[in-house]
2 protein chains.
Amino acid sequence: MNTIEVCFSPALFQYKTTNDNYIVVIVDILRATTAFCAAFDSGVTRVIPVSGLEELFEYKNKGYLTAAERDGKKVDFADFGNSPTVFLHSSLSGKELAYSTTNGTQAVEMAKSSGNIVAAAFVNLKVVSKWLISQQKNVVILCSGWKNTFSFEDTLFAGALVEILEQSGGFAHICDASGVSLSLWQASKNNLQEVVKNANHYQRLVKLGQQTDLLHCFQLNSSEAVPVWDSRGFKNLPKSNI
Amino acid sequence: MNTIEVCFSPALFQYKTTNDNYIVVIVDILRATTAFCAAFDSGVTRVIPVSGLEELFEYKNKGYLTAAERDGKKVDFADFGNSPTVFLHSSLSGKELAYSTTNGTQAVEMAKSSGNIVAAAFVNLKVVSKWLISQQKNVVILCSGWKNTFSFEDTLFAGALVEILEQSGGFAHICDASGVSLSLWQASKNNLQEVVKNANHYQRLVKLGQQTDLLHCFQLNSSEAVPVWDSRGFKNLPKSNI
């Protein structure tokens with residue numbers, strides 16, 4: 001039986017108990033991992049997470065497409081912010097995208113040492129679950145949170161993934177964080193678009209006029225992307241591998 | 001309006017957003033803060049949290065009573081483990097107690113810099129709430145967790161405290177962690193003794209034969225203790241101050 005553990009913040013990743021044979025599932029529903037999926041669906045060939053804006057600016061000078069947001073807002077020099085719906089309406093075939101966000105990139109930095117990383121969101125829940133079940137490894141779900149604090153929307157996603165993995169018969173959750181995520185998801189899933197309005201970052205994005213993105217971020221299974229980590233960023237797994 | 005924030009782990013305390021005029025409520029339901037209350041109810045005049053066992057041994061040599069547990073088990077040289085019911089059945093009038101636990105002491109260490117600390121558990125929920133409402137300061141609820149990971153039972157307590165403080169009309173929660181704690185509490189409170197059986201540390205203590213303690217730790221309002229921090233440890237507030 002494979003285990004499932006949930007970390008509610010990148011700052012808690014170092015305290016996880018799963019140490020062998022695991023895949024880290026990075027989650028940043030609002031909006032980095034949702035946006036990664038959208039970028040791949042629009043033809044991007046690679047997403048390169050970048051921590052700082054200086055490094056991102058160097059990528060821009062080398063000719064990469066760049067995306068960056070701080071506190072929910074697009075950074076001026078970047079080609080894109082953090083909006084998945086803007087990616088979806090762009091034609092990005094064959095392009096490589098350097099990407100810096102407040103929270104999502106930090107989670108990737110934390111997880112890099114594990115080697116196996118996949119980026120997940122409600123939009124690719126089904127296809128990521130299918131791939132994880134095929135891998136038969138332990139799973140650590142790493143919620144990006146908000147500046148290292150707990151995020152409701154990432155937790156609901158963690159619960160949704162715990163539910164599917166456990167229903168497959170090959171996985172069992174091993175910590176209170178994963179059990180609570182599952183409970184919260186099961187209490188919310190029939191009314192997801194309403195329940196998530198209680199999340200702080202949802203309200204922050206409403207104030208920034210991002211209602212179109214918010215609807216998109218909680219629509220399940222609209223994407224076929226499975227962004228997996230290789231040494232130089234995320235690549236989209238070919239469908240034949242899923 | 002005073003704010004309420006919840007930290008799910010001592011490792012997340014540094015990321016709290018409340019920085020002015022606040023009281024830290026330390027929570028370690030299983031079992032440190034429950035045991036602090038029991039020790040005060042049995043006549044202890046001071047509880048001195050101690051991190052390491054070497055430091056605790058020095059206190060023993062100086063004539064203090066000592067309490068220590070590691071991984072749920074009493075440390076050999078200590079007079080007591082972490083069992084509130086053992087404290088309740090002891091006569092400790094006028095004694096000072098040096099206390100080292102796996103998780104609770106660490107939370108105290110994190111919070112010391114704030115100056116204002118109170119130790120809380122289900123057993124003293126009512127009297128601690130009354131005191132907090134009288135103080136009219138912001139509240140940061142610091143869950144001790146388990147080795148820096150999330151604990152279900154501490155979170156349920158946080159939700160219970162959020163509920164009472166908000167019902168007083170003078171407080172509002174400001175983060176997703178406090179909102180989720182409240183939801184979990186409201187879904188669990190009518191069946192608390194059953195629901196908490198899902199907590200990992202509850203199951204760990206069942207295996208160690210601590211059923212009597214477990215019953216005690218989830219019985220509300222059996223204690224009148226309000227353990228507040230002064231520079232040298234916790235003292236029990238005189239009833240006239242509450």
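The numbers here are math on the coordinates, done by the rules we state, and not lab data. Quantities reported herein were computed from a predicted structural model and do not represent experimental measurements. Every residue, glycine among them, receives a Cβ derived from its backbone with ideal geometry; neighbour counts consider all protein chains shown.
Nm distances between the label at B:K126 and the same-position labels in the remaining copies, 7 Å along Cα→Cβ, shortest first?
For B:K126, the inter-copy label distances come out at 5.3 nm.
Please average, across the residues of B:6-14, the number of beta carbons from any other chain that are within 10 Å of each residue's own beta carbon, and give a whole number.
The mean count of partner-chain Cβ atoms within 10 Å per residue comes to 4.
Arranged by the count of other C-beta atoms within 10 angstrom, fewest first, what order do B:S114, B:S134 take?
Fewest-to-most Cβ neighbours within 10 Å comes out as B:S134, B:S114.
Can you sort B:D176, B:D76, B:D28 by how many other beta carbons sit within 10 Å, fewest first?
By the 10 Å Cβ count, ascending, the order reads B:D76, B:D176, B:D28.
Straight-line reach from B:K60: which lysines have Cα under 17 Å away, leaving out those fewer than 8 places along the same chain?
List returned: B:K74, B:K95.
How would B:E5, B:E153 line up from fewest to most surrounding beta-carbon atoms within 10 angstrom?
Ordered by Cβ neighbours within 10 Å, fewest first: B:E5, B:E153.
How high is the relative contact order of chain B, in percent, counting Cα pairs under 8 Å that sit 6 or more residues apart?
Computed over chain B, the figure is 33 percent.
With each pseudo-label sitting 7 Å past Cα toward Cβ, what's the A:E166-A:K189 distance in nm, one decimal?
In this crude label model, A:E166 to A:K189 measures out at 1.0 nm.
Given points 7 Å out from each Cα along the Cα-Cβ axis, report the A:K62 to B:Y15 separation in nanometres with one decimal.
2.9 nm
Taking θ as phi - 60°, what are the ³J(HN,Hα) couplings along region B:145-160 by the Karplus curve (6.51, -1.76, 1.60), each to the nearest whole Hz, with x for Gly and Pro?
Working through the residues one at a time gives x, 10, 6, 6, 9, 5, 10, 5, 5, 5, 5, 4, 4, 3, x, 4 Hz.
List the aspartates and glutamates whose alpha-carbon lies under 17 Å from that of A:K137, not counting same-chain residues fewer than 8 positions away?
A:E5, A:D20, A:E163, A:E166
Restricting the count to DSSP beta bridges whose residues both fall in region B:1-107, what percent are antiparallel, rounded to a multiple of 5? Walk me through the numbers before you get to the answer.
On the way: 2 of 11 bridges.
Antiparallel bridges: around 20 percent, rounded to the nearest 5.
Along Cα→Cβ at 7 Å, what distances in nm separate the B:D20 label point from those on the other copies, shortest first?
5.3
A:H89 label points, 7 Å along Cα→Cβ, one per copy: pairwise distances from this copy to the rest in nm, shortest first?
The answer, with the shortest distance listed first, is 7.1 nm.
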